[in-house]
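Quick notes on the structure that follows.
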Amino acid sequence: MIPNTVPVNQTPEEKFREYLSSRVKPQRFTEQQREMVRYIFGQHEHFDAEQLMGDMKAAGLVLSRATAYRTLAKLVDAGLLRRLLTGDKSRFEHDYGYPDHDHFHCMKCNKMIEFHLPEVERTLSELAREHGFVASRHNLIVHGTCDPCNQAKTPRRLLDLI
């Protein structure tokens, strides 16, 4: 299990406002963006853009498609969210205020399972050092099938029943 948070000196809203105001052409922090940041950081779930828009709509929050996609890109650029590529979709997770970790991705139900294994970090550091590489971060996603999906498999041949 991944620890919930690591200490940060700004809230996600403050960090995003700072990012928007520090751009070459400063941008204002709109009410839709504020609602989106609050909604995203009010829970810790992996999500895609369509899922986010549907969930926010169900919660009574209005969000245009264009604003959702533009703001997600800005949140990634600001270091608040991390984009995870799982097949044909981009999924997002918190990056700001959360420790480094890796993932198992179920290719059947799309579930993301977080894990942290210090041995992975040590091995990657050693490999980077051996190759004269300076690593700044990594993103490990192991694709496969989760336990509930494995349990749901039904045998199709008589030989599978043996």
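Considering only residues that are more than 16 Å from the chain's Cα centre (by Cα) and either closer than 12 Å to L72 by Cβ or aliphatic (A, V, I, L, M) (or both), which ones fall in the stretch 46-62?
M56, A58, A59, L61, V62
Restricting attention to the stretch 33-47, which residues are surrounded by fewer than 16 Cβ atoms within 10 Å (Cβ to Cβ) and at pLDDT below 95?
G42, Q43, H44, E45
Pairs only if they're at least six apart or on different chains, beta carbon under 9 angstrom, first in the stretch 70-87 and outside the structural domain of R137 (by TED's automatic domain parsing), second in a helix (DSSP H, G or I) and charged (D, E, K, R); list them, first residue then second.
Filtered contacts from the stretch 70-87: A78/K15; A78/E18; G79/K15; L80/K15; L80/K74.
So, in the stretch 103-115, of the ones that are in contact with a His (Cβ under 7 Å, 6 or more places away or on another chain) and assigned to a strand (DSSP E or B), which residue ends up surrounded by the most Cβ atoms within 10 Å (Cβ to Cβ)?
Narrowing the stretch 103-115 to residues in contact with a His (Cβ under 7 Å, 6 or more places away or on another chain): 105, 107, 112-115.
Subsequent filtering for residues that are assigned to a strand (DSSP E or B) retains 105, 112-115.
Numbers: H105: 21, M112: 17, I113: 15, E114: 15, F115: 13.
Among them, the one singled out is H105.
Select from the stretch 3-26 the residues that are assigned to a loop (DSSP other than H, G, I, E, B) and either surrounded by 14 or more Cβ atoms within 10 Å (Cβ to Cβ) or not assigned by TED's automatic domain parsing to the domain that holds Y69 (or both) and list them in ascending order.
Within the stretch 3-26, T11 is the sole residue that qualifies.
Can you name the number of the only condition in (1) under 19 Å from the mean Cα position of the chain (by Cα); (2) farther than 29 Å from H105 by Cα that Q10 fails?
The single condition Q10 does not satisfy is (1).
Out of A66, A49, A59, A128, I need the residue that is under 21 Å from R28 (Cβ atoms) and of a type in the set (A, V, I, L, M). Which one?
Values: A49 fails: under 21 Å from R28 (Cβ atoms); A59 fails: under 21 Å from R28 (Cβ atoms); A128 fails: under 21 Å from R28 (Cβ atoms).
So the residue among A66, A49, A59, A128 that is under 21 Å from R28 (Cβ atoms) and of a type in the set (A, V, I, L, M) is A66.
Condition first: part of a strand (DSSP E or B), at pLDDT below 90 and farther than 18 Å from A68 by Cα. Now tell me which residues in the stretch 86-102 satisfy that.
Start the filter on the stretch 86-102 by keeping residues that are part of a strand (DSSP E or B), which leaves 86, 89-94, 102.
Those still in the list that are at pLDDT below 90 too: 86, 89.
Hit for the stretch 86-102 is T86, nothing else.
So for the stretch 30-51 (the condition being under 23 Å from M107 (Cβ atoms), in a loop (DSSP other than H, G, I, E, B) and among the small types (G, A, S)), does at least one residue qualify?
Step one: filter the stretch 30-51 for residues under 23 Å from M107 (Cβ atoms), giving 44-51.
Subsequent filtering for residues that are in a loop (DSSP other than H, G, I, E, B) retains 44-46, 48.
Now narrow it down to the ones that are among the small types (G, A, S): none.
No, every residue in the stretch 30-51 fails to be under 23 Å from M107 (Cβ atoms), in a loop (DSSP other than H, G, I, E, B) and among the small types (G, A, S).
Keeping to the stretch 122-162, report how many residues are at pLDDT below 90 and not in a loop (DSSP other than H, G, I, E, B).
6
The values are calculated or read from the model by the stated rules, or taken from the named source; none is laboratory data. Remember, it's a predicted structure, so these values are computed and weren't measured experimentally. Positions of Cβ are backbone-derived with ideal geometry, glycine not excepted, and every protein chain shown enters the neighbour counts.
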